[in-house]
Amino acid sequence: MASFLPIMSPPMSAITCHEPTSTYFLQGAGSSYVLRVLPTGHLVHLHWGARLEPCAIDWFPLWGDRAFSPNPPGMREVGFTLDTLPQEAPAYGNGDYRAALVGARHADGSHVLDLRVVKREIRAGKPALEGLPATYVEDPAEATTLAITLLDKVAGLEIELLYTVFHGTDAIARSWRAVNRGGAALQLSRALSASVDLPRADWTMLQLSGAWARERQVVERPLAPGVSAVESRRGTSSHQHNPFIALCAPGAGEEHGEVLAMNLVYSGNFLAQAEVDQFGSTRLQIGINPLEFAWELAPGGSFQAPEAVLVRSGEGLGGMSRTFHRLYRSRLVRGPFRDAPRPVLINNWEATYFKFDTDKLLALAKAGKEVGCDLCVLDDGWFGKREDDRSGLGDWTRVNQAKLPGGLKRLAEGVNALGMRFGLWFEPEMVSPDSDLYREHPDWCFHVPGRPRTEGRSQLVLDLGRAEVRERIWADMSSVLRSAPIGFVKWDMNRHLTEVWSPALPPARQGEAAHRFTLGVYDLLERMHREFPDVLVEGCSGGGGRFDPGMLFYHPYIWTSDNSDAIERLRIQHGTSMAYPLSSMDANISAVPNHQVHRRTPLATRAIVAFTGAFGYQLDLLTMTGDERAAMRRQTERWRQVRRVVQEGDLHRLVDPRGNRWAAWMSVTPERDEALVTCVRILTEANAGRLALRLRGLDPARTYRVRVTTTKELPSGSGATRHQEVESAFDASGAALMAVGLRADSPGDFVASTWHLTTLG
Ligand code: GLA
């Protein structure tokens, strides 16, 4: 399988300094990010937009005399004020009243920070971030990093800002590291990862928001004076808001116009916001949520802020998404499964819930094998006392012998004997009050002594910031993984944090507990990655409650949503695709009536929608008819034919499912030799017109063989819905397919078509 990204270019050309004005140009394929060190040592932002060659940008004033905008001490120049200065690392206390990037509380209780540049350096490649997920390079020639060190002289607080340009892309990774070089301890009170001041306010903000089973819906709103923000205070990145924010310039759309976006490589509490100030500038920021956050820095101590990925697109939201996707597919996801074809799985959750035994699971696996599955996953309920979701979490080594006589080994070997991988569900971050682990260690969960403990799904959250808790969980989990041939893990997380307090921290440092939890989760995931490199790990948090770039560093894909209805998935997958590649979205066919929304959709449509991610099944195959299983066998065969283009391709969203009767999208391989176009009719109407789909991203000079598969609703005397798949083929040039396009006109609700394009010759 082809690798996707790296475009090598002479390392130093990606970042250049215009020396006479100390101006740094971070050069993307079509964009520039420009910052300047003022003679005062302030680091200012000059431009993030269309690419321009290095030059002096000094013909307009960066500040002006304004009422109620104070002048920092010692500044002789009239009107110099931080209140209007476009900054890269703003802080509190010297007259910038907008939101800060960094905040500190000193030993004397003051919170003033005056950060000035003391060092700058351009380096080849990109450093790893200690203890945190981040994008990476495989060769230093793939990227260039600008390191700018700022210092608050009074406190001795040093902040090293890192900006990495991935050559040939329009993506920049930003992060920073703080070191206390002073003699007194201080507390970081705010540690956002990126802050950019843009000289206009007429942006539309785009966010990905929703709820459990309704994750990452696209929401747009115009900015207004003040702060427009999304955030998570739940301890994880959450179903409710994604750590993503985009600003769209007036007139920007799916394929045209300017979009600036930030995505945080972090899985805990976050804040993403745009603040329009009194003079019509916008400060765009993303980072750890400052709510209840604090981090002590003893003399010599350091703190690493998570990474933010910044993308600028001149080709609308589509261009933005393709830049994120290429970077994440190739330089965020790691390990042997990064480029490997995603297996077709059968998962027993919606087939059996907690009621299964070895015989049932082996029968399900066999039926899965017959329809073409590669992997059988045993979900929740195999351990401890776990007949429902009210007990047992934490008792990982107590395999339920009543359900699984002979244990996991017998089951896993039985699945292997069918020629399939065996996969297992874990929820390592949790403990049930009704469990042996809890009875042994009732103080290992987050709780405040003297207060009752808030439960969610009858469970409590382990304080994974504590080493002894992590050691025990890992010892138990790894012994289970060694006890049987387990080739896959579904890593789940089914409630949010409450009573975030840790006995391991003194009262003044309780603000560290939530971040330490996230670091603890990363530590466990890193052990999983290092000690079991051949185990494919799927992320999950009640579906897509932790679908963020931090998690993609540890596992190549994530269960997109507990809502597996094909029609609901259109909007969920559409929103998720704003930042995340199709290869990262697990998408399964489930039963009808659908368990979440009770809708009935044709089997073929469910397959076509699930082809948008990592394809699989989550239903009881044993109750399906022979005809249905034959159709499924054809689906897995077809999936294997189109899997490469879905996994490696560039995505073009053709029709937005929001407010439309249709949804359509296509993927094209980087070589433009193959494409898959998908169109789904949501609700039909009488006497409807045809939908014209102009394709994108094809090679205009090549001829494509187009194989069409359409679901048609058949007349049925009984009143039940029956569908048939119809196949046909024709040849057309890339130029004609992009200019004239395809026509979709299947009658009936929830019908779908795919066009699989391959080049001739
Ligand atoms: C979560 C997951 C589901 C399933 C259940 C098991 O809700 O999202 O897929 O694994 O937990 O309890």
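The values are calculated or read from the model by the stated rules, or taken from the named source; none is laboratory data. None of these values were measured; they are calculated from a predicted model. We place every Cβ from the backbone using ideal geometry, glycine too, and count neighbours over all the protein chains shown. In case anyone asks, the SASA skips ligands and DNA or RNA and just uses the protein heavy atoms, side chains included. Shrake-Rupley method; radii C 1.70, N 1.55, O 1.52, S 1.80 Å.
Points to keep in mind about this one:
- Of the residues making up segment 542-558, one or more are closer than 16 Å to Gly613 by Cβ and in a helix (DSSP H, G or I).
- Residue match in segment 418-431 (condition: over 22 Å from Val535 (Cα atoms) and either within 15 Å of the ligand (Cβ to nearest atom) or modelled with pLDDT of 95 or more (or both)): yes
- Glu254 open to solvent by 20 Å² or more (accessible area, probe 1.4 Å) and either outside any strand (DSSP E or B) or in the same structural domain as Ala89 (by TED's automatic domain parsing) (or both): yes
- In segment 345-360 there is no residue matching the filter, namely being of a type in the set (A, V, I, L, M) and surrounded by fewer than 23 Cβ atoms within 10 Å (Cβ to Cβ).
- The C-beta contact set for segment 501-530 (first residue acidic (Asp, Glu), second residue assigned to a helix (DSSP H, G or I), distance under 9 angstrom, 6+ apart or interchain) comprises Asp523/Ala467; Asp523/Arg470; Asp523/Trp474.
- With respect to the conditions (1) at pLDDT 95 or above; (2) in contact with a Pro (Cβ under 6 Å, 6 or more places away or on another chain), His723 lacks only one, and its number is (1).
- Odd one out for Glu499, checked against (1) out of contact with any His (no Cβ under 7 Å at 6 or more places or on another chain); (2) more than 16 Å from the ligand (Cβ to nearest atom); (3) of a type outside the set (Lys, Arg): (1)
- Test: residue in segment 50-57 that is part of a loop (DSSP other than H, G, I, E, B) and either basic (Lys, Arg) or open to solvent by less than 10 Å² (accessible area, probe 1.4 Å) (or both): yes
- Some residue of segment 399-412 being within 16 Å of the ligand (Cβ to nearest atom) and either part of a loop (DSSP other than H, G, I, E, B) or surrounded by 16 or more Cβ atoms within 10 Å (Cβ to Cβ) (or both): yes
- The residues of segment 177-212 that are under 27 Å from Cys540 (Cα atoms), surrounded by fewer than 19 Cβ atoms within 10 Å (Cβ to Cβ) and in contact (Cβ under 8 Å) with a residue 60 or more places away in the chain amount to a single one, Trp212.
- Residue tally, condition open to solvent by 20 Å² or more (accessible area, probe 1.4 Å), in a loop (DSSP other than H, G, I, E, B) and touching a strand residue (DSSP E or B) at 6+ places or on another chain (Cβ under 9 Å), over segment 214-226: 3
- When segment 134-155 is filtered for residues that are surrounded by 21 or more Cβ atoms within 10 Å (Cβ to Cβ), within 30 Å of Ala184 (Cα to Cα) and among the small types (Gly, Ala, Ser), only Ala155 remains.
- In segment 93-111, the residues that are assigned to a loop (DSSP other than H, G, I, E, B), in contact (Cβ under 8 Å) with a residue 40 or more places away in the chain and open to solvent by 40 Å² or more (accessible area, probe 1.4 Å): Ala107, His111
- So Pro86, is it in the same structural domain as Val259 (by TED's automatic domain parsing), under 34 Å from the mean Cα position of the chain (by Cα) and of a type outside the set (Ser, Thr, Tyr): yes
- Enumeration of residues in segment 64-92 that are more than 20 Å from Ala155 (Cβ to Cβ), without any contact (Cβ under 8 Å) to a residue 24 or more places away in the chain and either touching a helix residue (DSSP H, G or I) at 6+ places or on another chain (Cβ under 6 Å) or open to solvent by 50 Å² or more (accessible area, probe 1.4 Å) (or both): Asp65, Ala67, Phe68, Arg76, Glu77, Val78
- For the residues Ala211, Ala201, the requirement of being part of a loop (DSSP other than H, G, I, E, B) and either modelled with pLDDT under 95 or over 19 Å from the mean Cα position of the chain (by Cα) (or both) singles out Ala201.
- Scan of segment 318-361 for residues that are of a type in the set (Ser, Thr, Tyr) and more than 17 Å from the chain's Cα centre (by Cα), ordered by number: Thr352, Tyr353, Thr358
- Selection within segment 683-705 - within 34 Å of the chain's Cα centre (by Cα) and either modelled with pLDDT under 95 or open to solvent by 40 Å² or more (accessible area, probe 1.4 Å) (or both): Leu683, Thr684, Leu691, Ala692, Arg694, Arg696, Pro700
- Among residues of segment 263-320, those that are aromatic (Phe, Trp, Tyr) and open to solvent by less than 10 Å² (accessible area, probe 1.4 Å), counted: 3
- Condition met for Asn416 (open to solvent by 10 Å² or more (accessible area, probe 1.4 Å) and in contact with a Pro (Cβ under 9 Å, 6 or more places away or on another chain)): yes
- Arg606 being within 30 Å of His652 (Cβ to Cβ), buried (at least 17 other Cβ atoms within 10 Å of the Cβ) and of a type in the set (D, E, K, R): yes
- Selection of segment 557-567 for residues being open to solvent by 10 Å² or more (accessible area, probe 1.4 Å) and more than 15 Å from the ligand (Cβ to nearest atom) yields only Ile567.
- In segment 347-360, the residues that are at pLDDT 95 or above reach residues that are outside any loop (DSSP other than H, G, I, E, B) and near the ligand (Cβ under 10 Å from one of its atoms) with C-beta atoms within less than 6 angstrom, at least six apart or across chains, in these pairs: Asn347/Val377; Asn347/Gln618; Trp349/Gln618; Glu350/Gln618.
- The criterion of at least 3 residues that are open to solvent by less than 40 Å² (accessible area, probe 1.4 Å) is met, among helices (runs of 4 or more DSSP H) falling completely within segment 424-531, by 467-482, 513-531.
- Any hit, segment 538-548, residues being more than 14 Å from the ligand (Cβ to nearest atom), under 20 Å from the mean Cα position of the chain (by Cα) and not small (Gly, Ala, Ser): yes
- Selection within segment 730-751 - hydrophobic (A, V, I, L, M, F, W, C) and at pLDDT below 95: Ala744, Phe750, Val751
- Filtered residue count, segment 361-398, keeping only those that are more than 16 Å from the ligand (Cβ to nearest atom), surrounded by fewer than 20 Cβ atoms within 10 Å (Cβ to Cβ) and assigned to a loop (DSSP other than H, G, I, E, B): 3
This table checks each residue for (1) open to solvent by 30 Å² or more (accessible area, probe 1.4 Å); (2) not assigned by TED's automatic domain parsing to the domain that holds Gly423.
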| residue | (1), (2) |
| --- | --- |
| Ser584 | no, no |
| His595 | yes, no |
| Thr612 | no, no |
| Thr625 | yes, no |
| Glu637 | yes, yes |
| Gln647 | no, yes |
| Pro657 | no, yes |
| Ala664 | no, yes |
